[in-house]
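Asks: Before we start, here is the structure in question, set down as structure tokens.
The values are calculated or read from the model by the stated rules, or taken from the named source; none is laboratory data. Nothing here was measured: the structure is a model prediction, and the numbers come from that model. Virtual Cβ from ideal backbone geometry, glycine too; neighbours counted across all protein chains shown. Heavy atoms of the whole protein, side chains included, go into the accessibility calculation; ligands, DNA and RNA do not. Shrake-Rupley method; radii C 1.70, N 1.55, O 1.52, S 1.80 Å.
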Amino acid sequence: MKNSQSIEDYLENILLLSRENEFVHRVDVARRTGVSQPAVQKAVKILQAEGYVECDGMHIYLTAAGQSYAERVYSRHRTITSFLLALGVDAAAAEKDACEMEHVLSETTVKAFEDFLKGR
């Protein structure tokens with residue numbers, strides 16, 4: 001699961017939940033990602049082993065490394081979404097496509113998107 005789409009999706013969702021709520025719970029992650037709580041529990045154990053999150057039994061916290069990684073993924077997501085919207089893609093499709101594209105586009109391509117958006 002290292003550096004995979006799954007890790008990035010979990011980290012991004014934990015980041016967004018932490019911005020919305022004081023505490024992030026496994027049930028919140030399960031609801032947001034549309035998976036079961038046992039699936040979240042398994043993912044959290046992997047994220048802990050990778051050093052991306054810490055848990056106190058009830059709450060999930062991003063470590064500095066997890067926060068940094070999640071911020072990079074979310075930044076890519078926002079850039080890709082903005083680029084697709086600038087091309088005239090409807091908001092729902094842009095959001096959905098950005099979720100997939102954020103994991104596979106090169107840094108060079110995302111940077112080109114950013115440069116395009118800045119030059120508009």
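Asks: Go through Val104, Gly119, Ile80 and say which Cα lies farthest out towards the positive end of the charge dipole of segment 77-120; charges sit on Cβ, +1 for Lys and Arg, -1 for Asp and Glu.
Replies: Gly119
Asks: Which value, in debye to the nearest 20, gives the size of the charge dipole of the chain about its Cα centre, when Lys and Arg are +1 and Asp and Glu are -1 at the Cβ?
Replies: Taking the Cα centre of the chain as origin, the dipole is about 80 debye.
Asks: Using only alpha carbons, build the gyration tensor for the chain and give me the equivalent ellipsoid semi-axes, biggest first, whole Å.
Replies: In descending order, the three semi-axes are 28, 15, 12 Å.
Asks: Follow-up. For the chain, what does the helix formula give at 222 nm: sum of -39500 (n - 2.57) over DSSP H segments with n ≥ 4, over the residue count, nearest 500 deg cm²/dmol?
Replies: -22500 deg cm²/dmol
Asks: Could you work out what % of the accessible surface of the chain is carbon and sulfur, using a 1.4 angstrom probe and leaving DNA, RNA and ligands out of the count?
Replies: 53 percent
Asks: Right, next: Report, by chain and number, residues whose modeled amide H sits under 5 Å from the one on Thr63, excluding near sequence neighbours (fewer than 5 apart, same chain).
Replies: Val53, Glu54
Asks: Could you pull the accessible area for Thr33 with a 1.4 Å probe, rounded to 10 Å²?
Replies: 40 Å²
Asks: Across segment 63-73, in residue order, what do the Karplus-derived ³J(HN,Hα) couplings come to in whole Hz, using 6.51 cos²θ - 1.76 cosθ + 1.60 with θ = phi - 60° and x for Gly and Pro?
Replies: Along segment 63-73, the couplings run 6, 4, 5, x, 4, 4, 4, 4, 4, 5, 5 Hz.
Asks: At R0 = 25 Å, how high is the FRET efficiency between Lys111 and Gln48 if r is their beta carbon distance? Nearest 0.05 is fine.
Replies: 0.20
Asks: Here is a further query. Quick query: amide H of Val24 versus all other amide H atoms, modeled in the peptide plane; which residues come in under 5 Å with a sequence gap of 5 or more or a different chain?
Replies: Answer set, sorted by chain and number: Ile60.
Asks: Please report how far the C-alpha centroid of segment 7-64 lies from that of segment 93-119, rounded to the nearest whole angstrom.
Replies: Value for the Cα centre distance between the two parts: 24 Å.
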